[in-house]
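Single-structure report; data block below.
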Amino acid sequence: MSGAPLLLCFISLHLHDKTLRVQQHHQNTRAHSQSKMGSLPHIVEDLEGVVQLYSDGSVFRANDVDFNIPIHDDSSIVWRDCQFDNQNHLYLRLYKPVNASTKLPVVYFFHGGGFCVGSRAWPNNHNACLRLASGLQALVVAPDYRLAPEHRLPAAVDDALTSLKWLQARATADGPPAQDTWLHDQAVDFDRVYIMGDSSGGNMAHHLAVQLGPGSPELAPVRIRGYVLMAPFFGGSVRTKSEAEGMPEPILNVEILDRFWRLSLPPGKNADHPLANPFSPFSKNNVESVMFDPVLVIAGEIELLRDRVEDYARRLKEAGKKVEYVEFEGKYHGFFNNDPYSELGDRVLQEIKDWMSKISG
């Protein structure tokens, strides 16, 4: 199967005819203006028309998209959006159980998308957060972050940290007004915060764990207890066996993985860059010697990233880190995020609940 239809499945969207017309108008306008100057920029990277990088460095991003994913809203969760970064115009979405009777732990959820696509508002991400809030009985925080190639790494990781600083501000005396019952210290437990990331979001969770260290002292009084990495999007210049020999997934192939890295890493860098490869030969610090909070790593048995994810967990565990690795038989990339209300979704939530209880007991 070619990369084009795979990518459409990966981001779970269909471009409207209107989007295609807008794209064609964009290209025609560009061609008309550039023809007067003699040189016509051409597309050098194309994510199925959703994101296109041109040879002059300009980027086209389709905004008129449609999703074939119904929202699963049983009225047990309420949600609202808040701006957490005025300078970069970034928002996050809060999810709160309606009938919460005790102080809620806080679960951050960073969405996937190869650092190039995705949003808190996408229905697959929205459904996943609704399920996390109800299944974990937690206040879920789902931040957006700047996307590549307009904003290459480390922009996404920087934005993730900014979103945590936003929570810190609300846990201090200068935090939210008393009438904000969602974030009052009698409503949420700032001493029980967990970071979860799916795919590229899992990569971001890893970098936050390394940067913040045990107990996350720079975020006090917020305390991060642990990190959940769901099939984290890591890379490397040498293919793993699952990447080299594995069959293309219904939602992913190695060409898409490579394209994401070319679009998201600093120009001229490859997948051995420290932001892609946790064990990069170019890292200033050996990640195996860095201390950080407990980590739960989740992967599908037959996903392309499986070997790289399993190797990450194994090497950290051998280095003495508190790491648990859970693999789900016969599953591809994104199996929870794309179907969080399934029997499998219930199993994933149970693994996370048991792990949270274990590390916070």
### Query
Residues of segment 116-132 being crowded, with 24+ Cβ neighbours inside 10 Å, of a type in the set (A, V, I, L, M) and over 18 Å from ARG347 (Cβ atoms), which ones?
VAL117
### Task
All but one of (1) modelled with pLDDT of 95 or more; (2) more than 25 Å from GLN350 (Cα to Cα) hold for ARG225, so report the exception by its number.
(2)
### Task
Have a look at ASN99, ASN63, ASN68 and point out the one that is open to solvent by 70 Å² or more (accessible area, probe 1.4 Å), part of a loop (DSSP other than H, G, I, E, B) and in contact with a strand residue (DSSP E or B) (Cβ under 7 Å, 6 or more places away or on another chain).
ASN68
### Query
Do you know which of the residues in segment 193-211 that are hydrophobic (A, V, I, L, M, F, W, C) and buried (at least 20 other Cβ atoms within 10 Å of the Cβ) is nearest to PHE335 (Cα to Cα)?
MET196
## Note on the structure
Being under 20 Å from MET204 (Cα atoms) and in contact (Cβ under 8 Å) with a residue 24 or more places away in the chain narrows TYR91, TYR95 down to just TYR91
### Query
What's the number of the condition GLY320 fails, among (1) under 21 Å from ILE224 (Cα atoms); (2) touching a residue at least 24 places away in the same chain (Cβ under 8 Å)?
(2)
### Task
Kindly indicate the residue of segment 323-361 that is in contact with an Asp or Glu (Cβ under 7 Å, 6 or more places away or on another chain) and part of a helix (DSSP H, G or I) and also farthest from ALA231 (Cα to Cα) among those meeting that condition.
TRP355
### Query
Restricting the search to segment 40-51, which residues are touching a residue at least 12 places away in the same chain (Cβ under 8 Å) and surrounded by 13 or more Cβ atoms within 10 Å (Cβ to Cβ)?
PRO41, GLU45, LEU47, GLU48, GLY49, VAL50, VAL51
### Task
For residues that are modelled with pLDDT under 95 and among the acidic types (Asp, Glu), scanning just segment 134-191, find the one that is farthest from the chain's Cα centre (by Cα).
ASP174
## Note on the structure
Being under 18 Å from the mean Cα position of the chain (by Cα), aromatic (Phe, Trp, Tyr) and at pLDDT 95 or above narrows PHE260, PHE328 down to just PHE260
### Query
Residues ASP339, ASP354: which one is within 21 Å of ASN125 (Cβ to Cβ), of a type outside the set (S, T, N, Q) and open to solvent by 20 Å² or more (accessible area, probe 1.4 Å)?
ASP339
### Query
Looking at this structure, is ASP81 surrounded by fewer than 15 Cβ atoms within 10 Å (Cβ to Cβ), at pLDDT 90 or above and in a strand (DSSP E or B)?
yes
### Task
Collect the residues in segment 25-39 that are at pLDDT below 75, open to solvent by 40 Å² or more (accessible area, probe 1.4 Å), farther than 24 Å from ARG152 by Cα and polar (S, T, N, Q), keeping them in residue-number order.
ASN28, THR29, SER33, SER35
#### Entry: Counted residues, segment 280-303 - those being in contact (Cβ under 8 Å) with a residue 40 or more places away in the chain, over 21 Å from PRO217 (Cα atoms) and open to solvent by 40 Å² or more (accessible area, probe 1.4 Å)
1
### Query
Out of segment 230-277, which residues are open to solvent by 30 Å² or more (accessible area, probe 1.4 Å) and in a helix (DSSP H, G or I)?
LYS241, ALA244, GLU245, GLU255, ASP258, ARG259, ARG262
### Query
When residues of segment 226-270 are filtered for being over 21 Å from HIS111 (Cβ atoms) and touching a Ser or Thr at 6+ places or on another chain (Cβ under 7 Å), how many remain?
1
### Task
For segment 133-156, enumerate the residues that are buried (at least 18 other Cβ atoms within 10 Å of the Cβ) and of a type in the set (A, V, I, L, M).
ALA133, LEU136, ALA138, LEU139, VAL140, VAL141, ALA142, LEU147, ALA148, LEU153, ALA156
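The values are calculated or read from the model by the stated rules, or taken from the named source; none is laboratory data. Since this is a predicted model, take the numbers as computed values, not measurements. When we count neighbours, we look across all protein chains shown, and the Cβ atoms used for this are built from the backbone with ideal geometry, even at glycine. Side chains included, ligands, DNA and RNA excluded: accessible areas come from the protein's heavy atoms. Shrake-Rupley method; radii C 1.70, N 1.55, O 1.52, S 1.80 Å.
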